[in-house]
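Visitor: This is the structure I want to talk about, given as structure tokens.
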Amino acid sequence: MVLNGVDFDTYFKNYPNEEGFFGPYGGAYIEPELKAAMEEINEAYFTICKSRKFINELRRIRKEFQGRPTPISHLERLSNSIGDVQLYVKREDLNHSGAHKLNHCMGEALLAKYMGKKKIIAETGAGQHGVALATAAAYFGLECDIYMGSVDIKKQAPNVARMKILGARVIEVTEGLQTLKEAVDAAFAAYARDYKDTVYCIGSVLGPHPFPMMVRDFQSVVGIEAREQFLEMTGELPDVITACVGGGSNAAGFFAGFLNDPVKIYGVEPLGRGEKLGDHAASLKFGTEGIMHGFNSIMLKDENGEPAPVYSAASGLDYPSSGPEHAFLHDIGRVTYDVVDDKEAIDAFYALSRMEGIIPAIESAHAVAHAMRLAKEMKHGSILINLSGRGDKDMDYVIEHFGIPE
């Protein structure tokens with residue numbers, strides 16, 4: 001498949017390029033003291049991670065520890081309640097620790113071990129990345145620091161407790177809006193002070209090169225599995241696939257399995273409370289090109305050109321930019337990015353819970369809501385949703401802020 005000059009037969013060989021760019025997006029806009037650290041990680045990735053020993057060890061971990069492959073489930077009752085379009089979900093909620101995040105965390109932690117590092121650090125919003133990294137640290141015997149905004153600590157108390165039980169140090173970030181952006185700021189500052197003994201395990205397809213590429217590659221197991229499973233289950237490819245997009249790691253890995261196929265692909269951003277700046281985190285819909293956290297992408301800006309305040313009921317989606325690959329796929333038209341607001345996401349949260357016995361993360365509920373919307377518009381066909389995580393972490397927050405419907 002060739003689209004707007006991009007040949008998807010060779011896409012993963014050419015994107016990103018050696019400097020880490022997907023078209024104009026990506027790169028490594030970092031302070032001089034961090035360039036050596038990024039070059040060290042990049043070199044290690046292209047040597048260690050391509051070795052037979054590393055690949056075999058990661059495959060063993062995925063099978064014996066993570067419980068991969070995760071299955072695909074047909075949402076028969078939910079599908080029938082809408083019409084004739086059949087809905088399916090890729091069950092990343094059944095990946096060990098409850099979300100897709102462990103896919104790249106185990107890869108990054110294994111890389112850190114091979115590099116001889118003693119500590120891994122990261123930011124987290126919804127807490128799933130923090131839990132996954134704390135899990136990986138415990139598995140490999142590494143120290144672990146997790147930076148998390150005060151607002152998200154209050155929203156995601158169960159995940160904070162899990163991180164601490166697993167032995168991680170949760171460091172509260174009280175600056176600014178006290179959410180995901182500020183957690184990333186704090187984690188980068190800590191990494192700059194201690195990069196010789198530490199690896200910063202970025203929680204999405206964000207940050208300076210090579211992280212957008214590395215996280216996508218580790219997450220591509222989701223899309224590769226899903227494509228094979230759907231073909232085996234139905235004998236054909238889905239007509240549509242959809243996934244939620246904040247930074248975009250679950251979507252990037254999921255989409256990777258289908259980019260060269262005749263499949264419509266949708267990324268779903270959080271519209272939150274509405275279109276007013278500060279009420280949403282839909283950067284690809286409302287943003288413009290800009291640099292933050294070491295990479296160039298599409299971001300939401302305030303009147304001074306700085307990262308704008310953002311909001312979403314889903315803590316893992318409230319980030320004022322998007323991964324550079326998503327910005328590129330948006331520009332060339334391979335992926336369509338749409339929005340879902342809080343109400344529609346919560347309605348889908350309850351619909352999936354009550355009709356299928358699956359309680360999704362609020363993040364994942366955005367993709368479910370979008371699929372339900374598409375199913376009402378389509379006359380027939382199939383939609384495969386990436387259910388990126390389970391909703392245990394969100395239940396108290398949903399009940400407190402949205403109530404339980406009769």
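Visitor: Convex hull over the Cα atoms of region 175-249, averaged projected area in nm²?
Guide: 6.9
Visitor: Which entry in [x] 0.94; [y] 1.10; [z] 0.99 is this structure's computed Rg/Rh (Cα atoms, Kirkwood Rh)?
Guide: [x]
Visitor: With the convex hull built on the Cα atoms of region 294-406, state its orientation-averaged projected area in nm².
Guide: 9.3
Visitor: Pairs of Cα atoms under 8 Å, at least six residues apart: use those to get the relative contact order of region 119-225, whole percent.
Guide: Answer for region 119-225 is 30 percent.
Visitor: Sticking with this structure for a sec: Report the normalised scattering of region 345-403 as log10 I(q)/I(0) at q = 0.17, 0.19, 0.22, 0.27 Å⁻¹, calculated by the Debye formula with identical scatterers on the alpha carbons.
Guide: -0.53, -0.64, -0.82, -1.13
Visitor: Oh, and also: Wrap a convex hull around the Cα atoms of region 268-356, take a quarter of its surface area, and give that in square nanometres.
Guide: One quarter of the hull surface, i.e. the mean projection, equals 6.3 nm².
Visitor: Ranked highest first by average number of other Cβ atoms within 10 Å, how do 362-368, 291-297, 188-194 line up?
Guide: 362-368, 291-297, 188-194
Visitor: Next up: Over 24 Å between Cα atoms, which of Lys113/Lys154; Lys35/Lys118; Lys90/Lys119 qualify?
Guide: Lys113/Lys154; Lys90/Lys119, as the Cα separations exceed 24 Å there.
Visitor: For Lys53, Lys101, Lys113, Lys379, give the ranking by accessible area with the largest first, probe 1.4 Å.
Guide: Lys379, Lys53, Lys113, Lys101
Visitor: Return the equivalent ellipsoid semi-axes of region 28-183 as a descending list in whole Å, where each equals the square root of 5 times an eigenvalue of the C-alpha gyration tensor.
Guide: Over the Cα atoms of region 28-183, the ellipsoid semi-axes are 30, 23, 16 Å.
Visitor: While we're here: Restricting things to alpha carbons, find the Rg to Rh ratio for region 84-165 using the Kirkwood radius for Rh.
Guide: 1.07
Visitor: Turning to a different aspect of this structure: Let me spell out the model: positive unit charges on the Cβ of Lys and Arg, negative unit charges on the Cβ of Asp and Glu, origin at the Cα centre of region 257-373. What dipole size does that give, in debye rounded to 20?
Guide: So the magnitude is around 260 debye.
Visitor: Can you give the calculated 222 nm mean residue ellipticity of the chain, where each DSSP H run of n ≥ 4 adds -39,500 (n - 2.57) and the sum is split over every residue, rounded to the nearest 500 deg cm²/dmol?
Guide: Only helices count here, giving -13000 deg cm²/dmol.
Visitor: Okay, next question. Quick one, what does Rg over Rh come out to for region 1-43 if you take C-alpha atoms and the Kirkwood Rh?
Guide: 1.12
Visitor: Another question, if that's okay. Accessible surface of Glu123 in the full protein assembly, 1.4 angstrom probe, to the nearest 10 Å²?
Guide: 10
Visitor: How high is the relative contact order of the chain, in percent, with contacts defined as C-alpha pairs under 8 Å that are six or more residues apart?
Guide: About 20 percent, as a whole number.
Visitor: May I ask for the Kirkwood hydrodynamic radius of region 243-301, worked out over all distinct Cα pairs and given in angstroms to one decimal?
Guide: 12.8
Visitor: Starting from the exponent 0.38 and prefactor 2.2 Å, build the expected Rg for region 116-259 from its residue count and divide its actual Cα Rg by it.
Guide: Compactness ratio reported: 1.15.
Visitor: Using θ = phi - 60° and the Karplus curve 6.51 cos²θ - 1.76 cosθ + 1.60, what whole-Hz ³J(HN,Hα) does each residue of region 138-152 get, with Gly and Pro shown as x?
Guide: Values, residue by residue: 5, 4, 9, x, 10, 5, 8, 10, 10, 9, 8, x, 4, 4, 6 Hz.
Visitor: Take the Cα gyration tensor of region 179-306, multiply each eigenvalue by 5, square-root it, and list the three semi-axes largest first, rounded to whole angstrom.
Guide: That gives 30, 21, 11 Å for the three semi-axes.
Visitor: Run the quick spin-label model on Asp392 and Glu64: label points 7 Å from Cα toward the beta carbon, then report their separation in nm to one decimal.
Guide: Going from the Asp392 label point to the Glu64 one covers 2.4 nm.
The values are calculated or read from the model by the stated rules, or taken from the named source; none is laboratory data. Because the structure is a prediction, the values reported are computed rather than measured. Please note: Cβ atoms are built from the backbone with ideal geometry, for glycine as well, and neighbour counts cover all protein chains shown. Accessible surface is based on the protein model in full, side chains and every heavy atom, while ligands, DNA and RNA are left aside. Shrake-Rupley method; radii C 1.70, N 1.55, O 1.52, S 1.80 Å.
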